[in-house]
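Notes for the one structure printed next.
The values are calculated or read from the model by the stated rules, or taken from the named source; none is laboratory data. Not measured: the values here are computed from a predicted model. In this analysis, Cβ positions are derived from the backbone assuming ideal geometry, glycine residues included, and neighbour counts consider all displayed protein chains. Side chains are part of the model used for accessible areas, which takes the heavy atoms of the whole protein and leaves out ligands, DNA and RNA. Shrake-Rupley method; radii C 1.70, N 1.55, O 1.52, S 1.80 Å.
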Amino acid sequence: MSEIRFTNLTWDQVKTLDQVLDEVIPIHGKGNFPTMEVKPKDIIHVVKDQLIGQGIIVKDARLNGSIASYILASHNGISYKDLDIIFGVELPSNEEFQVVKDAVLGCLLDFLPKGVKKEKISPDIMKEAYVQKFIKVCNGHDCWSLISLSNNTGKNLELKFVSSLRRQFEFSVDSFQIVLDPMLDFYNDKNAKLTKESYPVVVAESMYGDFQEAMTHLQHKLISTRKPEEIRGGGLLKYCNLLVHGFKPACMSEIKNLERYMCSRFFIDFPRIEEQQKKIESYLQNHFIGEGMTKYDYLMTLRGVVNESTVCLMSRERRQILHLITMMALKVLGELNILPNTEKVTCFYQPAPYFVAEAWYPTYVTSEPSPIIFQPYHPLYFHGSNGMG
């Protein structure tokens, strides 16, 4: 029996999609550059038209990942951070990459507030002022580029231009894509009104394969994937994020094996400790703005998975990454004023607990040299100079 990858959105889902596309999202400028207020439906329309006008073949525009999951199951408490938009395009050479980049940066000028003099603002200036990250990949089966527009609250507007991409999802729950072209056509009709009796047919696709299976995972917050070794980074960071947000493995008997694949691929793709640190810090910055305690929970979950499931590292490398994650978590506690001074805290790793706190969070004492247990998997204890209380 063949898998059914597609389904039509219901009226309630189309209403949620319309609300998302019509929401004003601030794009924050760096320095003295003003904040732009952008509706997704407007920037998608303008970028698509501009690309077509520049001779770029645009097959479709889609919402992707967590925002698509939110539209399909917002009633289940599903949330999202980034607004991830995919343009299916043909990019046969580097020239087309440059055309796409210039077209997007040129479009952004139209969203600057009234009164801003645009004549002397070049595409390079717009890139420095409003683009958080720009990525271009063209090797083997993958040919795509990403322009992420800055938002200080972590709700980035991400425009992805995909000519080919072998792996388009990490886990089943973020494998959904919603085709936006019917909604864009509907918005272009000035006489059209979105009602239960009159709304466009909007199609959603699961890149995981079986739409209903992926939807069941989403509704019940279950973690499932296929071939994590194919994912850059193994899906390790996303997996720990799902765990922290209440998702559970769909199959407990398989999860340890999957975790080992995730860890192995992560350390293959990021073999040096500096690369590992940069990748984790970038993930924290993009996904945990204003979520201090959740960030701490995340780091401790990541440390536990790395500690339990990493089989590809030498002892020294293993200690390095565990120490790195521990120090990141301790820094978070310091920022939250849970520990008064992280610079004067010495960390010791101890395989067997000195004593174990039942909670995930630190247990505090006021006199030295009593330890503080700060970790749910393998206890760590800290001695503070000048007193910890």
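Values for this structure:
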read-out	value
Local net charge near Met183, Cβ-Cβ under 9 Å (Lys/Arg +1, Asp/Glu -1)	-2
Full-extension gain in nm, Gln98 to Phe6, via 0.36 nm per residue minus C-alpha separation	29.8 nm
Computed label-point distance, nm, for sites Glu254 and His323 using a 7 Å Cα→Cβ extension	3.8
Computed accessible area, Val116, all protein chains, 1.4 angstrom probe, square angstrom	50
Per residue accessible area in Å² of the chain, where ligands, DNA and RNA are left out and the probe is 1.4 Å	50
Aspartates and glutamates whose Cα lies under 12 Å from that of Lys196, excluding same-chain neighbours fewer than 8 positions away	Asp12
Selected from Ser164, Val58, Leu243, residue furthest toward positive end of dipole (the chain; charges at beta carbon)	Leu243
Listed residues Glu3, Glu128, Glu291, Glu213 arranged by accessible area, highest first, probe 1.4 Å	Glu128, Glu3, Glu213, Glu291
The chain - percent of accessible surface contributed by carbon and sulfur, probe 1.4 Å	49
Glu275/Lys114 FRET efficiency (R0 35 Å; Cβ-Cβ; nearest 0.05)	0.20
Stretchable slack from Ile268 to His220, in nm (0.36 nm times residue separation minus alpha-carbon distance)	14.1 nm
Reachable aspartates and glutamates, given that their alpha-carbon falls under 12 Å from the alpha-carbon of Lys39 and they are not under 8 places away in the same chain	Asp18, Asp22, Glu23
Stretch gain in nm, segment Ile52-Gln212, where the contour uses 0.36 nm per residue and the Cα spacing is subtracted	54.1 nm
Too-long pairs where the Cα-Cα distance tops 19 Å, listed order kept, from Lys41/Lys160; Lys30/Lys81; Lys227/Lys256	Lys30/Lys81
37 °C / 0.692 mPa s Stokes-Einstein diffusion coefficient of the chain, Kirkwood radius on C-alpha pairs, µm²/s	142
